[in-house]
Each structure stands twice: as structure tokens, then as C-alpha cells.
Amino acid sequence: MTIAPDRRQALLDQMADHVLVAGLAAASLRSLAKAAGTSDRMLLYYFPDKAVLIAAVLETVAARIAGLLIPPADPNPQPFDTVRIALTSRMLDPASWPYMRLWLELASRAAAGDPVCRQTGEKIARDFLALAFSLVAAPDDTTRRRDAARLLIAIEGAVLLKSLGLEDAVAETL
């Protein structure tokens, strides 16, 4: 039997919405099926096992995160602090916060050894580094790579501080 890609993507979109609200801890096969309006057996028709399903859901979320990181109106590389302030503000915006909350959960699970979270988290981080490399002005590629990593570290620090209730400390850096 052939799997309809449109149906599969619709299921992934509904499950991604669920995970953004409820988190990975609430991503049982049964809860994901309910969120997608189908049965857990039907999910296993589209995805061979739960690990593949979770990876596909996280890839869907990762694609959405990439959409949040659309560069500013000026596509030319900008000074480090200009890019840091713009992207940090975008990531801390209430519309982006469900993604950042899930990102923190993903990173925590990756640190605990979850291979699916590690692989997906690494892909998201590498995609961010590539974007940052294209956005930050620097005299040479070595400096741009370093600044791209500094940008990721700065934004991750801001996300962590916000999650701990230290938005005032983050606001002082913006």
C-alpha cells in the first residue's frame, strides 16, 4: 500500500501542534494519535515505530523554528550585536516561546542521552549556526564561524534565563 504524503504531513502538523503545547513528556503514542484525530494503530501504518514518529514530529517542529529565524529585512551581514539583539528578541517573543520551551526540553533529553533528541537537536543547532554565519558581518570566515557560535550561545543563555524567570536580566542585554 502507498502512503499518502499529504495525509502523513497533516498528521505530523497536528502532532507537532500537540507537542508544542504539551511537550515531549506528553508525547505517548496514544496522546499523539488523539491529537492527530486517528488511532495509534493508524500512526504505526504511517510510521514504523515510535522513535521514527517522534523524529518526524521533531523535524516538523524544526522546520517551523527555521521559519521563525527568517533574516531581518536587510539581507546583508550585520554587526554581531545587531543580529544578537534582533534574533534574541524574536526567540523570546511570546509567539516563539512554545518553540523555545520545547527546544529546552529537547536539549535536556539530548543531554540525558536520548539519541532521537540528540540527532534532531544537533540538526537544529547546525542549521542555526549556518544561518548565523550568513547574518553576521566579520572580516573572515574563521571569525564568522566563531561569531555564529557566540550568537547561538548568547541566545541560548537568554532562553535559559527567561525559562528561569530572569527576564529582567535578559532585558538588560537587549
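The values are calculated or read from the model by the stated rules, or taken from the named source; none is laboratory data. Owing to the predicted nature of the structure, the values given are computational and were not obtained by experimental measurement. Every residue, glycine among them, receives a Cβ derived from its backbone with ideal geometry; neighbour counts consider all protein chains shown. Accessible surface is based on the protein model in full, side chains and every heavy atom, while ligands, DNA and RNA are left aside. Shrake-Rupley method; radii C 1.70, N 1.55, O 1.52, S 1.80 Å.
For every residue, the table says whether it meets (1) farther than 18 Å from residue 101 by Cβ; (2) out of contact with any Asp or Glu (no Cβ under 8 Å at 6 or more places or on another chain); (3) not hydrophobic (A, V, I, L, M, F, W, C).
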{"residue": "11", "(1), (2), (3)": "yes, yes, no"}
{"residue": "20", "(1), (2), (3)": "no, yes, no"}
{"residue": "35", "(1), (2), (3)": "no, no, no"}
{"residue": "47", "(1), (2), (3)": "yes, yes, no"}
{"residue": "51", "(1), (2), (3)": "yes, yes, no"}
{"residue": "58", "(1), (2), (3)": "no, yes, no"}
* Mind listing whichever residues of segment 56-113 are among the charged types (D, E, K, R) and touching a helix residue (DSSP H, G or I) at 6+ places or on another chain (Cβ under 6 Å)? => 84, 105, 109
* To do: Within segment 4-22, track down each residue that is of a type outside the set (Gly, Ala, Ser) and open to solvent by 10 Å² or more (accessible area, probe 1.4 Å).
  => 5, 6, 7, 8, 9, 13, 14, 17, 18, 20, 21
* Is it the case that some residue within segment 134-150 is under 29 Å from residue 21 (Cα atoms), open to solvent by less than 30 Å² (accessible area, probe 1.4 Å) and in contact (Cβ under 8 Å) with a residue 12 or more places away in the chain? -> no
* What are the pairs, 6+ residues apart or on separate chains, where a residue within segment 55-67 that is closer than 13 Å to residue 11 by Cα has its Cβ under 7 Å from a residue that is open to solvent by 40 Å² or more (accessible area, probe 1.4 Å)? -> 60/13
* Say we look at segment 88-130 and pick out the residues that are surrounded by 16 or more Cβ atoms within 10 Å (Cβ to Cβ), in a helix (DSSP H, G or I) and among the polar types (S, T, N, Q); which of these is nearest to the chain's Cα centre (by Cα)? -> 120
